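Have a look at the structure below, then the notes.
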C-alpha cells in the first residue's frame, strides 16, 4: 500500500519575477508504507520544498496538474488538510529552536492540544512520548526545555511531534549540530521510532553514512529533479552520477574502492562499515562471495 503518492509536482518560487526559481520540476514519487526513505542532494536541490508539500506547509501550485496524496488524504483539499497535518509529523532542522513553552510537558502537549483531545489523553500521550524518546517523565516534565543539553532538547522536540502519533515521520537533518554521542543516540532513536511509532520515515540528510545505514530506499535530488532512486547500494554504486550531482560516497564505499585499487577483491555495493567488515572477514576466512549479502545495515 502506498503511503505517499506525488504526481507531476512542480513548484516555482517568486513566479514571474527576476528571482524565479523552479524548486521542483515534475516530480513523480510513490512511497510504500513501512519504507525508510532517505533524501539526499545539494543545498537548493529541492529536498525541503518536497517534504513541506507532504503535510501542506507548502501548497500545491497547480491543482489541475499536480497532486499530493498521503495516506489517502489529498493535500489540495481543505477538508482533509487538517487531518493530513496530524498524520505527517515533520521535525525540522534544529527543532530545539522551536521550543517555546516554560516546561517540557507543556511543549510536548502543544500538538495534542491542537488536536482537541481530552486532557486525560493529552497527558497520556505526553508521558508516553517522553518515555519513547528516552526522557523520564518524572525527571523532565516540569523542567524548562531551555536548561537541557542539545541532545535532550532535540529529544523533546521529537517527542512533541510523535505525541500526535503521526503515521509518517519526516526528519530534516535530525542530527545536525550534535556531538558524536548525541548523533549516535538520535540515530538509534530514529530507527526505534520506525518500529514503535511511525512505520514510514523520511529522512533528509547531507551525511551519506547515516543515510546508507538507516534507509532502505534513497532518492537523490538535483536541480528540482529526482536523479537517482533505489536501494543504498544501487544509488551509491552509480559513482559517476553521484559525483556529477555534487555528492560524496559513504566512507565505507570510498574505503572499499581504495582497497580494490590495491588489489583486494571486494564486491561492489558496499555502503556501510558492517558490510565492509563482513566482506573483509569473508576474504580472510576464504568464504568471500561476488555480491554483498542483504540483512540489516545498522
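Derivation of every value follows stated rules applied to the coordinates shown; laboratory data play no part. In this text the structure is predicted, and so the values were computed from the model without any measurement. Every residue, glycine as well, gets a Cβ built from its backbone with ideal geometry; the counts of neighbours run over all protein chains shown.
With each label modelled as a point 7 angstrom along the Cα→C-beta vector, the residue 251-residue 284 pair spans 1.9 nm.
Each of 85, 217, 155 was scored by other Cβ atoms within 10 Å of its Cβ. Listed from fewest to most, they are 217, 85, 155.
Secondary structure note: in the chain, about 50% of the DSSP beta bridges are antiparallel. Relative to its Kirkwood radius, the Cα radius of gyration of the stretch 123-214 gives an Rg/Rh of 0.95. Please report how far the C-alpha centroid of the stretch 117-185 lies from that of the stretch 197-224, rounded to the nearest whole angstrom. The two parts, judged by their Cα centres, are 21 Å apart. By the count of other C-beta atoms within 10 Å, a proxy for reagent exposure, 206, 53 are ordered fewest to most as 206, 53. Which one, 87, 147, 234, has the greatest fluctuation when you compute a Gaussian network model over the chain with C-alpha springs under 10 angstrom? Its mean-square fluctuation being the largest, the pick is 147.
Average 1/r across all pairs of distinct alpha carbons in the stretch 171-274, invert it, and you get the Kirkwood radius: 14.8 Å. Placing R0 at 35 angstrom, the Cβ-Cβ distance between residue 206 and residue 76 gives a FRET efficiency of 0.70 after rounding to 0.05. The slack between residue 176 and residue 30, meaning 0.36 nm per residue of separation minus the straight C-alpha distance, is 49.8 nm. Model label sites at residue 42 and residue 191, defined 7 Å from Cα along the beta-carbon direction, differ in position by 3.2 nm. For the chain, adding -39500 (n - 2.57) for each run of n ≥ 4 DSSP H residues and dividing by the number of residues yields -11500 deg cm²/dmol at 222 nm.
The label-point distance for residue 131 and residue 12, in a model that sets each label 7 Å from Cα toward Cβ, rounds to 5.3 nm. Panel order for 239, 143, 154, by other beta carbons found within 10 Å of each beta carbon, from fewest to most: 239, 143, 154. Once the mean of 1/r is taken over each pair of separate Cα atoms and inverted, the chain shows a Kirkwood hydrodynamic radius of 20.6 Å.
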